[in-house]
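Heads up, the thing below is written out as structure tokens.
The values are calculated or read from the model by the stated rules, or taken from the named source; none is laboratory data. No experiment lies behind these values; they were computed from the predicted model shown. Note that we place each Cβ from the backbone using ideal geometry, even for glycine, and neighbour counts take in every protein chain shown.
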Amino acid sequence: MTEHAGGRRRSAAGLLVAGTVLATGCATPHLDTLPGLARPVASASDGVRLDEGDQAYSYRNIHLVLPKGWSARFSDDCLTPPDAESGRAYVCPPTALRITARAAKYGQIDPKGKDLSSRDGWKRPWSVCPDAATTGGTAPQGQPETVAELGRRNFTAVSGERVESAAWILRCAGVRFDSRVWYVPEVDVELSVAAITDMEHSDGYDAIARSLDFSRYQK
């Protein structure tokens with residue numbers, strides 16, 4: 001279940017790097033947390049940047065940071081940027097960052113993440129044309145008009161696991177948007193967004209993925 005906002009803020013406040021000085025009356029651009037929001041012994045050494053307005057968040061003991069304005073108002077595994085709309089109550093919108101535990105076990109991706117190198121690697125059961133989803137209509141399930149692969153990358157999660165990621169540019173019903181997937185083979189957890197339609201929030205998706213902490217997660 002989602003932790004209450006107050007609890008998230010207390011957790012983040014309790015993980016400030018020793019020596020950080022908060023001068024009375026002075027604005028602080030960011031707070032640096034210890035490596036791992038779940039516990040300080042996580043294996044990364046550079047910690048996580050926590051800007052003003054950001055919130056520590058936990059889903060099934062997967063810990064991460066939600067940028068300012070982001071929320072989980074549709075469901076605990078559906079992280080939405082500011083002003084996200086679904087068109088239907090309680091339906092996770094295509095612009096949301098979805099968390100999928102046991103993604104390979106359920107056939108969503110192969111266990112080593114090789115699907116990320118595929119032209120069709122973006123496809124998920126909820127992959128839809130953004131306009132169709134937000135207006136409540138029936139989303140087309142066919143191929144988009146164009147698909148451009150942006151390639152694969154990898155980085156290390158806060159708790160030390162390798163994160164594989166890939167991105168695609170799609171055009172569907174005349175609408176151009178990005179689709180991205182992040183997969184952590186060691187723990188079989190995937191993050192994915194079907195449609196990034198507002199590039200103003202583009203960095204937020206990657207920032208969440210880079211804050212992942214699995215030090216308390218159990219498969």
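Looking at region 105-119, which of its residues are within 26 Å of E145 (Cα to Cα), part of a loop (DSSP other than H, G, I, E, B) and free of Cβ contacts under 8 Å to residues at least 12 places away in the same chain? Correct list: G107, D110, S118. Taking the criterion of being modelled with pLDDT under 60 and under 28 Å from S159 (Cα atoms), would at least one residue in region 111-129 satisfy it? No, that holds for no residue. Screening region 185-208 for residues that are among the aliphatic types (A, V, I, L, M) and in contact (Cβ under 8 Å) with a residue 60 or more places away in the chain and picking the one that is farthest from V91 (Cα to Cα) gives A207. Does L79 satisfy being at pLDDT 95 or above, within 18 Å of T95 (Cα to Cα) and crowded, with 17+ Cβ neighbours inside 10 Å? Yes.
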